[in-house]
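Note sheet for the following structure.
The values are calculated or read from the model by the stated rules, or taken from the named source; none is laboratory data. Source: prediction; values computed, not measured. Note: ideal-geometry Cβ built from the backbone for every residue, glycine included; neighbour counts use all protein chains shown. Accessible surface areas use protein heavy atoms only, side chains included; no ligands, DNA or RNA. Shrake-Rupley method; radii C 1.70, N 1.55, O 1.52, S 1.80 Å.
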Amino acid sequence: MKWYTIGEVAKLCNIPIRTLRYYDDIGLLKPERIAPETNYRYYSIEGMRKIPVIKYYKQLGFKLEDISRMLERSNFDVLEDYMAKELLIVEKQMAELQKKHFAIKEWQRLLEQGETLLAEPTGENKIEISSVPRYRTLKFHYELEKSQNVDIEFLYSNLLVEICNKNNIYAYGPFMLYFDNVDQRIHHTFTGVDCYTAVIEEETNEAMTTEVGGFEALSVVHKGDYRTISDTYGKVQDWAKEQGIPLQGASYERYIIDPWSTTVSDNYITELILPIGG
């Protein structure tokens, strides 16, 4: 029988010597012969045939401890069992990647919408009557403490990320805040706010979601810092009075471009949605 030194095996199989020594230490691939006078390691062709198999199984994602069992190959049952288990893992990873892909594409689409709105000429806010589509969304309520002197958008987004991470939820699209009293929003006297964001539904506890939309509203895009958002609200209220359009007295704020997307507050894009109806 022809024997190969560890150096020859490393060269023939394109594998580092240190890796072969590590495989020896953990019992994954041990040399069939060790010269007692020199302690040199020697491998047979049968041992070398295991090396491409190890590489392939590693590429597929199997752990070295599992590969050690798979190399026994005494019967097909062992391989089939490990393959079935690994398939379940890979399918779960694929499902996670699909969710991430969808969420990232939606954020990209939102950025494109914001860039389009930013490119429009600045001037008078264009107020429109629009139908708000109905859709299911994650919902939670945030109650402000008197001592909190921080932007509500920051408080909401921070809590949103915590909820999504804790429940393995993928959110996408714009965040929305709901204020049940526009005047309190304008004068910053509100004490609580409902928070919404679209999520991939099948992974979400139904108790955490609700339906929003399905109503007529006045819609206007506010460009710039949140400190001037009250001025835009005032213009919508004045326009509604001039047109004889009754408002419910509540509002939604849909954040298209916000601090998540830019550090330049002049580039913030926020859609204000005021439901119609007395």
- With +1 on each Lys and Arg Cβ and -1 on each Asp and Glu Cβ, and nothing else charged, work out how big the dipole of the chain is about its Cα centre, in Debye to the nearest 20. 1700
- Note on the structure: Given unit charges at Cβ for Lys, Arg (+) and Asp, Glu (-), the dipole magnitude of the range 20-179 about its Cα centre in debye, nearest 20, is 520
- Task: Rounded to the nearest 10 degrees, what's the angle between the helix 76-119 long axis and the longest principal axis of the chain, both from Cα atoms, 0 to 90?
- Result: 30
- Task: Identify, among Ala217, Ala198, Ile186, the residue whose Cα sits farthest towards the positive end of the charge dipole of the range 186-252, taking +1 on the Cβ of Lys and Arg and -1 on the Cβ of Asp and Glu, with the dipole about the Cα centre.
- Result: Ile186
- Simple label model, 7 Å out from Cα along Cβ direction - Leu111 to Gln93, nm: 2.6
- How many angstrom separate the Cα center of the range 62-84 from the Cα center of the range 214-240? 63
- Item | Nearest-ten-degree value, helix 152-167 long axis tilted from longest Cα axis of the chain | 30
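What is the magnitude of the charge dipole of the range 1-54 about its Cα centre, with +1 placed on the Cβ of each Lys and Arg, -1 on the Cβ of each Asp and Glu, and no other charges, expressed in debye to the nearest 20? Present the calculation step by step, with values, prior to reporting the outcome.
Details: 9 positive and 6 negative charges, 27 e Å.
Roughly 120 debye, rounded to the nearest 20.
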- Message: Would you report the distance distribution of C-alpha pairs in the range 223-274 as whole percents per 10 angstrom bin, up to the bin with the largest distance?
- Response: 23, 48, 23, 6
- Task: Quantify how much of the Cα-Cα distance distribution of the range 1-99 extends past 23 Å, in percent.
- Result: 36
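What value, in deg cm²/dmol to 500, does the helix sum -39500 (n - 2.57) over DSSP H runs of n ≥ 4 give at 222 nm once divided by the residues of the chain? Before the final figure, lay out the partial values.
Working: 9 runs with 120 residues, N = 278.
Here the helix-only value at 222 nm equals -14000 deg cm²/dmol.
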- the range 186-247: spread of alpha-carbon positions along the three principal axes, whole Å, largest first, is 44, 26, 23
- Task: On each of the three principal axes of the Cα atoms of the range 161-212, give max minus min coordinate, whole Å, ordered largest first.
- Result: 38, 21, 20
- Taking the Cα centre of the chain as the origin and placing charges on Cβ (Lys, Arg +1; Asp, Glu -1), which of Ile127, Leu29, Met94 is farthest toward the positive end of the dipole? Leu29
- Query: How far is helix 17-26 tilted, in degrees, relative to the longest principal axis of the Cα atoms in the chain, given as a value from 0 to 90 rounded to the nearest 10?
  - Reply: 90
- Message: Relative contact order for the chain: what percent, with Cα pairs under 8 Å and sequence separation of 6 or more?
- Response: 17
- Heavy-atom accessible area of Thr210, protein chains in place, probe 1.4 angstrom, given in Å² to nearest 10, is 40
- Can you give me the pair-distance distribution of the chain, C-alpha pairs, 5 Å bins, whole percents? 1, 5, 9, 12, 11, 10, 7, 5, 4, 5, 5, 6, 6, 5, 4, 3, 2, 1, 0, 0, 0
- Query: Please state the Cα pair-distance histogram of the range 126-278 with 10 angstrom bins from zero: what percent is in each bin?
  - Reply: 10, 40, 37, 12, 1
- Mind giving me the nanometre distance, one decimal, between the label points for Ala207 and Arg21, set 7 Å out from Cα along Cα→Cβ? 5.7
